[in-house]
Structures are given as C-alpha cells and as structure tokens.
Amino acid sequence: MITYYILTFLYILHVTHSIPAKRPFLGSRILPEQKPTKKPLGYIEDTYLNFTQLTTKYGYNSERHTVTTEDGYVLTVFRIPPKCQVAKGFPVILGHGIYDSADTWILTGPETGLGYILSNNCYDVWAVNYRGNIYSRKHLRLDPEKDSAYWMFSFDENGYYDLPAVIDYVLDVTKQKRVYYIGHSQGTTNFLVMGSLRPDYNEKVQLSILLAPVAWMKNIQSPIPKLLSRQSKQIRTALESMGLHELFAKHQFTHLVPEQLCQIAPNEICGTALALATGYTLGTITSYNLAIVVGHAFVGSSVKTLAHFGQLVYSGQFRRFDEGKAKNKRKYGSPRPPKYNVSLVTSPIVLFSARSDWLSSMKDVNILSSKLPNLVDNYVVPEPTWSHNNHVWGVNATELVFKKILQYFEKFNT
C-alpha cells in the first residue's frame, strides 16, 4: 500500500476545511499531465516513463492486455514474457497496493525490479492494474470523469470481480490450469477477499506470496491512519458532498507536488514522510529509487477504498464494507457487515512480514496466519529495519525477498 498518510491527512484537512452544500460530481481531471515539461526540468527519466516505455528501455518485451470484469470495469494487464524459450512453472500474476499500479514491479530497473527478475528466471509475468488507477480507467457504461457511480468500489470489488477476471483471462491465454499470485499490501487484501467470497478460485492458484499482508489492522502503529479511522464515515461524506470520489490521481496536485519535491530532496522530504507513515528507515530505499517511486505513486483510487480501510482500523475486524444498518440488511442480509472468512482461503500461502512495518504489524499478520488453513510459511524478513515498502523497493529486496520467492516457486513448480 503506498500510504503516505501524512499527505492524506493534509489533503483531507484541506478539502474538508469548510463543508459546502452538496455539489455535482467534479470529475477527476484536475490538472493535465505534465510529461512534456519534465525532461527539460531535469527529472530522472524513469520517473515519467510508463510501463511499456520502461520495459522497452531496458530491453524487455511487453504486451498490453484488456480484461473486462463481470460488472463492466475494463482493466489493463501488462505481460512480460519469459526471457527463455520455454516458460517455467505457472504464470505469475502481480497485484499492486493502494494508489499504485503495475509500475511498482519494474520501476527500480532490471537488476532489482521483481517483474524483470521473474522474467529472467523464465516465468511468464502478468501485472494487473486494479480498477480506478491510471491504466484501468474505463467501463462499459460509466465514465470516471462524469459518473460518480464509477467510484463506488473498494477492495471488496477488487477481490470479488477484478482478480477473478484476471485469473480467468490469464489461464485462458496461457492454457495453464493454475497461476502463481504475488500481492503487495492492498494486493494481498484483494487476494484474501477473493479466496473468502469466491472460494472456487482457490483451485486456480498454485501458490500465493503475500508481501506486507493487510487484513486485520487492529494493531496498526502508524498514528495518522488511527486518527483518520475514527472519522472515516464523516470524511467520506465530506469529500463526496464536494463531488470528490477519487483520491490521489496522477493528474491531481496530490501526485504532482510530491513528484516534484522528491526530484529535489527524495530522502529529506518523501523519505521522511514515508518514515512517519510506515516505520520506514531512511536509506533502506535508495534516494534515486525513492524519487522514481514517487513519480509512479498516487495514480488513483476511490474514496470508498480509503474509507473501507478506515473501518478495518476502527473496528479491529477484517470485514466487508459497512453501508449502515438499512443498506447492510439489503446487501448482506444482516444489520452488520459480515466478516471475511479467511478459513475458506485454501490455496497455499506464504506471508512475508517485517518487524518495522507500522501498517502491517507482526501482531496483525499473526492473527491472519492463525486462521489460514494452508499456510506454507509466515516468513519474517531477517532485517530489523525492514518495513512496508522495502519488500518491493528495498536495497536488499533481491537477496532478502525475491530470492526467497524464487525458492518457493521452485518447490511448487509441479
């Protein structure tokens, strides 16, 4: 989860300072994209290159695929074929975190980007973009720029609709029977939702790797999410009353300002914000990569998603979105939202956790691990400074995480 909650907090304070009468949907086009101006300003090139431009730059083939969900959302999935004549094992689906995209798996370059490393090791890589981010902003009937209904989703829909649709598409294209799945942060939440609500999909997953898993959040250590969670309902109401249903899109100030600042002082500004939000230790992601990361973060998600995570923090439960008693009765058949039954997630799972992760705490990961019926390993990265985003961008991620993932895949390549 790309969770710079300090910026979230400041943004929400800004837009909710005074609550006007209800306004029409404002759409999400606040600012045009500024790529043409970035090169002359001295930006690191990889900051503003998109997925296919990055893969081309570093000599990798990539493909763009379109997947349509049962409820009409049109998703973009990027494929990096294996750098071998024969693919190994099963296709690998990569699932990103909140405010994030498929870019997260390749933005640190060919030596340390997991998408590239998997391709080098003969795996067929498929990087999903969940609904609402910069690559997946289409719908068969709804316009994200005009229709607020487009944004009425949270990770519940990501897990129930998006991930199953991508799995079915990948299996159809590759003619394989199962896939591997690697998720980071909300990408893990989406997987657990799918396995709980659509347990038949467990048979289609050979092994899942969950990096910084997010389900139970009762022991979260980051202070800003704790504070925001108490007012998540009021914050959502305030934002939507102003016509704001999307947060942190790439064309909004909340992307452009951090992107610019992190070109100037990545450690001092964005590293410090990340440290205050996640427990990150300065220097454990290189300043060069940190500047690039922020260029690819904040690429769109719904207000409802943030509100749903707020409910998890406040309630201490891993459960479906609380719509209010009347709506809950109509939607779920009970006045309270039901809990996700992770005991139904029967596919093999490996959890990767970190001692200094303020968002996915060891206590909460242990709650999850105690309820999973087919847990292969609850692996704690043996580095005391390891935190939430080190799993994907850390200076030692190749040695401490990616090598371990390849070892687990070797065991399940049958």
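The values are calculated or read from the model by the stated rules, or taken from the named source; none is laboratory data. These numbers were taken from a predicted model, which means no experiment stands behind them. So basically every Cβ, Gly included, is an ideal-geometry build from the backbone, and we count neighbours across all protein chains shown.
The table below lists the values:
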quantity	calculated
All positions within region 191-230 that are within 20 Å of residue 358 (Cα to Cα), outside any loop (DSSP other than H, G, I, E, B) and polar (S, T, N, Q)	229
Wholly enclosed strands (runs of 3 or more DSSP E) of region 59-163 bearing at least 1 residues over 23 Å from residue 195 (Cα atoms) and free of Cβ contacts under 8 Å to residues at least 60 places away in the same chain	63-68, 73-80
Boolean, residue 344 is touching a residue at least 40 places away in the same chain (Cβ under 8 Å) and either surrounded by 21 or more Cβ atoms within 10 Å (Cβ to Cβ) or under 24 Å from residue 229 (Cβ atoms) (or both)	no
Residue 390 being within 23 Å of residue 104 (Cβ to Cβ) and surrounded by 17 or more Cβ atoms within 10 Å (Cβ to Cβ)	yes
Flag for residue 272 being in a helix (DSSP H, G or I), over 28 Å from residue 38 (Cα atoms), of a type in the set (S, T, N, Q) and within 22 Å of the chain's Cα centre (by Cα)	no
Some residue of region 260-271 being of a type outside the set (A, V, I, L, M, F, W, C) and modelled with pLDDT under 85	yes
Index of the failed condition, residue 37 passing every other in (1) at pLDDT 95 or above; (2) exposed (fewer than 14 other Cβ atoms within 10 Å of the Cβ); (3) among the polar types (S, T, N, Q)	(1)
